[in-house]
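Written out below as structure tokens is the structure these notes cover.
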Amino acid sequence: MPKEIFEVTRERFHLLDRNQYIVQGTWPKEAKMEACLDDRKLKTTVKKVEMVSALERFKDPDLMRGEQITAVLEMPDSLKEFKKLVIYADQPDKRTVWFSISASELEKKRDKPQVYFEEEKVQQGMVRLRGWAIAPTSVEIRIFDENKKPLAAEIQRTDRVDVDQLYEELENPEKTGFFTEVTNVSGKCLYVVFKAGDKKTIKIVPLRKIEVLAKKVDKYAKKGIRYWKSQGGAALAGKIISKVKTASTREIPYQKWITRHLPGKAELEKQRRTKLKYSPKISIVVPLYKTPEKYLRRLVESVQEQTYSNWELCLSDGSGADSPVAGILKQLAASDKRIKVIPHDSALQISENTNSAIEAATGDFIAFADHDDELTPHALFECVKALNDHSGTLVVYSDEDKMSMDGHKFFQPHFKPDYNPDLLCTVNYICHLFVVSRKVIDQVGMLRKEFDGAQDYDFIFRCVEAVKDEEIYHVPKILYHWRCHEDSTAENPESKTYAFEAGRRAVQEHYNRTGIQAKVLDGEFLGLYRTEFIRDHNPLISIIIPNKDHIDDLKRCMDSIDQKSTYQNYEYVIVENNSTDPATFEYYKKLEAENEKVHVVYWDGVFNYSAINNYGASFARGEYFLLLNNDTEIINPNCLEELLGYCMRSDVGAVGARLYYEDDTIQHAGVVIGFGGIAGHCFVLQPRGTTGYCHRIICAQDYSAVTAACMMVKRTAFEEVGGLSEELQVAFNDIDFCMKLRKAGYLIVYNPYAELYHYESKSRGLEDTPEKVARFNREISVFEKRWPDILRNGDPYYNPNLTLKSQDFSLKRI
């Protein structure tokens, strides 16, 4: 794996103290910092940055040997006599330059509005600019042509919670984000002037192709130099070659991906002409509260642009007396008879506001939207199409993404699995777009104000409890754009901690209603939850371990359980198979003599993993079996309890664990059918501590399968499906077993809080002979014949928009 890159990601002057220069970035742990202006050492304060949100962790998950730090350097009043600032990282074995900048560049930045361009696009006479600007006073933005004549350009200003958090020295800064599109431009360049009081920053935007290209080349050259300095020349050459080789298969940025996957004009027109056999009325209910006019109008426009026309829009205005949107709402209602407005004399909280809209709705199905978000134009069509294609469906939900405040940038798509009850108890993954039958609402009731902040989460639980799993349908398409702004937990989890406490209570109430004894705890990040199940007894667990020689591995495996496990009611069934070392058999005798929990049984046939485990199970006395490889080692003392908690539920057949290789990278975090052509483990080789796509590594959830390297299964379920299939001697037998359990109606759960090391494949050799290869191919054929539907239609716990060519849940290549 490449070495970790330690570099500066942000640097700036303090807005209120011109002598403070602030540097943030990834810093090598244990290193000491020394900052020098030429030969002058500067006073430096370094502190570790505590990430404020899951969003930040999601962006930067791989900080393993480094840490995020903020360094504050005390600078002199004048920099004119100096040439260069250099920051060194002093480690025991070396001293490296972490960051350097010329004194003249520093002087240019000081006392000026601080500006950052996130998007600078020049195309066919159009310039699109997006970014942020901040200063102690308000920043005016103006654009000039090459002759320095002002251009008439509409510049949208937006709230940027991330920028506000970065510049924490300012209280209540004005809108710091900006977006503009300037059309009919010509000449060599544009000047973008950011002015705050008598101070200004000027950015030059080149317009000619060769200069635009040169700017891009310069950007990538600087990036390449940084990589070369940290990784070396050979690594840089390898990276370039890899980029070239994978150009056709490499994941593209989501912004490009989504524009190619949203339906075009022809497809939208085709949908408008389509006559669906079942055409229910969809009522879209929206609670309003002092909604900014431009966002409200865009929401309404996005509904009016729907290709499915049998809808009504119910807008409940909870702004109270003197509502700032009353006039707009009157106009909207007069312009379209499908728009209903419900005014209120007093301000309403979110649940009662939404309920008011539901009460006014007359639709067969109710769809929920927030007051500043947008639907894609095919959203309702896709939902109604699902109702036609899957009769009996009562609940529909879709994939979603996030949208910038100006509505032009889309990011962080959430491509969801089909209905996944255990993932839902970990996080509200369903969220938007959510559509439910009015009959279900009449049965379960509307939103409850005691869950405000997570009222939708509580409502979703009550809806899914009232229907059968097969009556819930997931549309695997982006149908909803979630606008991110400063008051929304979509962007700033810390801003609504009460919402996450309400969410925890929503999960707890779900368990209480369904008769499951459990305690819900906060997860690793705000918005994630962890379940501890409460047992009414401590059943016997039979730990079945096949073993061939390798007594050191077996000893380490058993010692880890005997010495660490807080759960004590277990027995070992060691299935000896074809050992040749006499010391192995002596060790077995010693084990049985010294440990009353150990029972060794002897398998005399050829190696057949399925038959060996089935044989071991026939000697087991426990209510629960733990199929365990001899080359594993438990990490957390409550590992068995974590597995048992889920497995004791009546709807669960088997439970798997989070497994690591010896080098602390992921070996197993669930299985997806289709990876590698048949099936594969999720998030393989990702460093320990990372959380994966949408934090799936650390979320308890249902999968189609888990590995039998560590799999707990209830005895009755094991016997019901006939154990492991002995036609599958080596490969895919655990996947096939899980598929049989699922066919019998059981869930397969991955629990990330049961953690083990797996010192992979020491117990048997690789497929390195013609005979082994032939057997492997036969077993592939057996699996394909048994489970053609899931191989053809895709794994319901994955998503068709994600690739099968890697296990990292990245976008499918176009």
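The values are calculated or read from the model by the stated rules, or taken from the named source; none is laboratory data. Source: prediction; values computed, not measured. We place every Cβ from the backbone using ideal geometry, glycine too, and count neighbours over all the protein chains shown. Side chains are part of the model used for accessible areas, which takes the heavy atoms of the whole protein and leaves out ligands, DNA and RNA. Shrake-Rupley method; radii C 1.70, N 1.55, O 1.52, S 1.80 Å.
Return a yes/no flag: does region 75-94 have any residue that is at pLDDT below 85, open to solvent by less than 40 Å² (accessible area, probe 1.4 Å) and either touching a helix residue (DSSP H, G or I) at 6+ places or on another chain (Cβ under 6 Å) or assigned by the TED database to the domain that holds Val193 (or both). No, there is no match, as no residue in region 75-94 is at pLDDT below 85, open to solvent by less than 40 Å² (accessible area, probe 1.4 Å) and either touching a helix residue (DSSP H, G or I) at 6+ places or on another chain (Cβ under 6 Å) or assigned by the TED database to the domain that holds Val193 (or both).
Only a single item in (1) within 24 Å of Ile780 (Cα to Cα); (2) modelled with pLDDT of 90 or more is not met by Ala700, and it is number (1). Within the set Ile258, Ile252, the sole residue that is of a type in the set (A, V, I, L, M), outside the structural domain of Ile366 (by the TED database) and surrounded by 17 or more Cβ atoms within 10 Å (Cβ to Cβ) turns out to be Ile258.
Scanning region 588-636 for residues that are among the charged types (D, E, K, R) and touching a helix residue (DSSP H, G or I) at 6+ places or on another chain (Cβ under 7 Å), we see that the one that is farthest from Glu755 (Cα to Cα) is Glu623. When Leu329 is tested against (1) farther than 30 Å from Ala386 by Cα; (2) open to solvent by 20 Å² or more (accessible area, probe 1.4 Å), exactly one condition is not met: (2). Of the strands (runs of 3 or more DSSP E) lying entirely inside region 62-166, those containing at least 1 residues that are among the basic types (Lys, Arg) span 84-91, 94-102, 114-123, 126-134, 140-144, 155-158. Taken as a whole, the condition of being in contact with a strand residue (DSSP E or B) (Cβ under 9 Å, 6 or more places away or on another chain), buried (at least 19 other Cβ atoms within 10 Å of the Cβ) and of a type in the set (Asp, Glu) does not apply to Asp664.
How many residues does region 499-514 contain that are at pLDDT below 95 and more than 22 Å from the chain's Cα centre (by Cα)? Looking only at that region, the number is 0. Exactly one residue out of Leu394, Leu380, Leu423, Leu348 is open to solvent by less than 10 Å² (accessible area, probe 1.4 Å), touching a residue at least 12 places away in the same chain (Cβ under 8 Å) and touching an Asp or Glu at 6+ places or on another chain (Cβ under 9 Å), and it is Leu423.
For region 516-526, the count of residues that are farther than 22 Å from Glu755 by Cα, under 37 Å from the mean Cα position of the chain (by Cα) and open to solvent by less than 60 Å² (accessible area, probe 1.4 Å) is at least one. Taking region 797-814 as the range and being touching a strand residue (DSSP E or B) at 6+ places or on another chain (Cβ under 8 Å) and open to solvent by less than 40 Å² (accessible area, probe 1.4 Å) as the test, the residues that pass are Tyr797, Tyr798, Asn799, Asn801, Leu802, Thr803, Phe809, Ser810, Leu811. Exactly one residue among Gly674, Gly653, Gly689, Gly722 is in the same structural domain as Ala617 (by the TED database), without any contact (Cβ under 8 Å) to a residue 24 or more places away in the chain and among the small types (Gly, Ala, Ser), and that residue is Gly722. Selection of region 169-212 for residues being assigned to a loop (DSSP other than H, G, I, E, B) and loosely packed, with under 15 Cβ neighbours inside 10 Å yields Glu169, Glu171, Asn172, Glu174, Thr183, Asn184, Ser186, Gly187, Lys188, Gly197, Asp198, Arg208. Count of region 113-162 residues, restricted to those that are at pLDDT 90 or above, open to solvent by 30 Å² or more (accessible area, probe 1.4 Å) and among the polar types (S, T, N, Q), is 3.
Within region 90-101, residues that are among the aliphatic types (A, V, I, L, M) sit with their Cβ atoms under 7 Å from residues that are assigned to a strand (DSSP E or B), at 6+ positions apart or across chains, in these pairs: Val97/Val86; Val97/Tyr88; Ile101/Leu85.
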